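Okay, so here's the structure we're looking at.
Each value in this text was obtained by applying a stated rule to the coordinates, not by laboratory testing. Here the structure is a predicted model, which means the values were calculated and not measured. Positions of Cβ are generated from backbone atoms using ideal geometry, with glycine treated the same way; all protein chains shown enter the neighbour counts.
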Amino acid sequence: MLNTAHRREITLRFLAEPSEVNFGGKVHGGTVMKWIDQAGYTCAAAWSGKYCVTVYVGGIRFIHPIHIGHLVEVRARVIYTGRSSMHIAVDVMAGDPKQSEQTKSTHCIIVFVAVDENGKPDSVPNWQPESEEDLTLQAYAQKLMSLRNSIEEEMHRYLPE
Ligand SMILES: CC(C)(COP(=O)(O)OP(=O)(O)OC[C@H]1O[C@@H](n2cnc3c(N)ncnc32)[C@H](O)[C@@H]1OP(=O)(O)O)[C@@H](O)C(=O)NCCC(=O)NCCS
């Protein structure tokens, strides 16, 4: 039987329900963001075996709308780990369940931190890339980290401490 701790990847699968509709008749963007957070949390908790909190959500690009009644797959993978943080790549695929084809609706990187019972950052198992694709994804996470530092420097000019 698969041990849930240290599992690197998870996929949530479900149908987009009518309760999730926006004013244009498609799935609400906020709903997709909730799915991303849920898949990311599940992946981070499964990898670390600990309770985790979202510390950062990268730019979310909505590429294609999701239709009500379509089959949605939210795939979350660990692509980088620090001491307490896990960088998770999330891809949202959707398509008509009557057909096999699915299109990528959304992609983003979300960062979770494992926390202890006092809400303080706690260590996580180290993830090591095993394939060429893993190495590319790890480099992607590292590149985004350095870009994020520049963005945050810029944002601090406008945010009160
Ligand atoms: C997550 C939290 C515990 C981190 O506390 P902190 O005092 O900032 O801790 P640290 O500075 O030691 O950083 C902890 C980790 O978060 C990472 N981190 C901090 N800010 C980050 C950011 N903007 N982007 C990505 N990672 C970040 C650090 O790099 C560090 O990772 P590492 O241990 O792998 O090196 C704290 O910020 C918190 O509780 N935030 C609210 C979380 C929450 O409630 N989320 C739900 C949505 S509201």
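Residue 11 to residue 64: extension gain in nm, 0.36 nm per residue of separation minus the Cα-Cα distance?
17.2 nm
Using DSSP, restrict attention to beta bridges with both residues in the stretch 9-127 and report what percent are antiparallel, rounded to the nearest 5.
Here the antiparallel bridges make up roughly 100 percent for the stretch 9-127.
Using the Cα centre of the chain as the reference point, and only Cβ charges (+1 on K/R, -1 on D/E), how large is the resulting charge dipole? Debye, rounded to the nearest 20.
120
Multiply the residue gap between residue 133 and residue 51 by 0.36 nm, knock off their C-alpha separation, and tell me the result in nm, one decimal place.
Full-extension gain reported as 26.7 nm.
Considering the options 23, 85, 115, tell which one lies farthest towards the positive end of the dipole of the chain, charges being +1 on Lys and Arg and -1 on Asp and Glu at the Cβ, about the Cα centre.
Result: 23.
So, counting K/R as plus one and D/E as minus one, what does the shell of residues with Cβ under 15 Å around residue 84 add up to? Each step should come with its number before you reach the end.
Numbers: positive: 50, 83, 120; negative: 116, 117, 122.
For residues surrounding residue 84, the net value is 0.
What Kirkwood Rh does the stretch 9-127 have if only Cα atoms enter the pairwise 1/r average? Answer in Å.
14.7
Given the options 51, 62, 38, identify the residue whose Cα lies farthest towards the positive end of the charge dipole of the stretch 22-161 (+1 on Cβ of Lys, Arg; -1 on Cβ of Asp, Glu).
Sorting the options by dipole projection puts first 62.
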